[in-house]
Amino acid sequence: APVQPIPYSHKKHLALGLECRQCHVNPEGGEMMTFPATSICMSCHQAIAADRPAIQKLAGYAKARTPVPWGRVYDTPEYVFWSHGAHLAAKVECVECHGNVAEQDVMAQVTDVVTMLGCRRCHDARQVFTDCGDCHEPRQ
């Protein structure tokens, strides 16, 4: 797992009833999900645990209107075209690619979803046709 600028536990936050898409959004059905805006975090953390150093650091990012420079855990090679939007439209659940994030205090890559074998395994299981150009050429 990459070292993150602020410690964050998905396990703790999901146990409170938060859902992935409350914090990670996919603008206009696009390629990538976004990292949460600091304003989303601060909507709770203005009052909750506000005295903790990590939350004070978060508040500093929010005050400066600067996004937290999170390290991406799952990343595909530049020569691969991949879209969260297409997978969300196909009703692929977050846990299918990212593993049981609700049990992770530190977000780490626990699946092979960023490899060709991982992608093919899932597509084969779902009986989804794949052609080289589906992933290796951007769709218009």
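General remarks:
- Residue check: Ile48 meets all listed conditions (1) among the β-branched types (Val, Ile, Thr); (2) open to solvent by less than 80 Å² (accessible area, probe 1.4 Å); (3) farther than 30 Å from Thr130 by Cβ but one, namely (2).
- Of the residues making up segment 98-116, those that are in contact (Cβ under 8 Å) with a residue 12 or more places away in the chain and assigned to a loop (DSSP other than H, G, I, E, B) are Gly99, Gln104, Asp105, Val106, Met107, Ala108, Gln109, Val110, Thr111, Val113, Val114.
- Test: residue in segment 55-66 that is within 16 Å of the chain's Cα centre (by Cα) and hydroxyl-bearing (Ser, Thr, Tyr): no
- When residues of segment 14-37 are limited to those that are modelled with pLDDT under 90 and on the phi > 0 side of the Ramachandran plot, the one most open to solvent (accessible area, probe 1.4 Å): Glu28
- Checked against (1) under 18 Å from Val114 (Cα atoms); (2) open to solvent by 60 Å² or more (accessible area, probe 1.4 Å); (3) in contact (Cβ under 8 Å) with a residue 40 or more places away in the chain, Trp82 passes all but condition (2).
- Among the residues of segment 37-73, the ones that are assigned to a loop (DSSP other than H, G, I, E, B) and under 23 Å from His98 (Cβ atoms) come to 8 in all.
- Residue match in segment 72-79 (condition: open to solvent by 50 Å² or more (accessible area, probe 1.4 Å), touching a His at 6+ places or on another chain (Cβ under 9 Å) and more than 24 Å from His10 (Cα to Cα)): yes
- Scope segment 88-103; condition under 18 Å from Gly17 (Cβ atoms) and under 13 Å from the mean Cα position of the chain (by Cα); matching residues: Glu93, Cys94, Val95, Asn100, Val101, Ala102
- Evaluation of Val95 against (1) surrounded by 14 or more Cβ atoms within 10 Å (Cβ to Cβ); (2) assigned to a helix (DSSP H, G or I) (one fails), failing number: (1)
- Enumeration of residues in segment 3-13 that are in a loop (DSSP other than H, G, I, E, B) and open to solvent by less than 50 Å² (accessible area, probe 1.4 Å): Pro5, Ile6, Ser9
The values are calculated or read from the model by the stated rules, or taken from the named source; none is laboratory data. Keep in mind it's a predicted model, so treat the numbers as computed, not measured. Here Cβ is always computed from backbone atoms with ideal geometry, including for glycine, and neighbour counts include all displayed protein chains. These area figures cover heavy atoms from the full protein model, side chains too; ligands, DNA and RNA do not enter into them. Shrake-Rupley method; radii C 1.70, N 1.55, O 1.52, S 1.80 Å.
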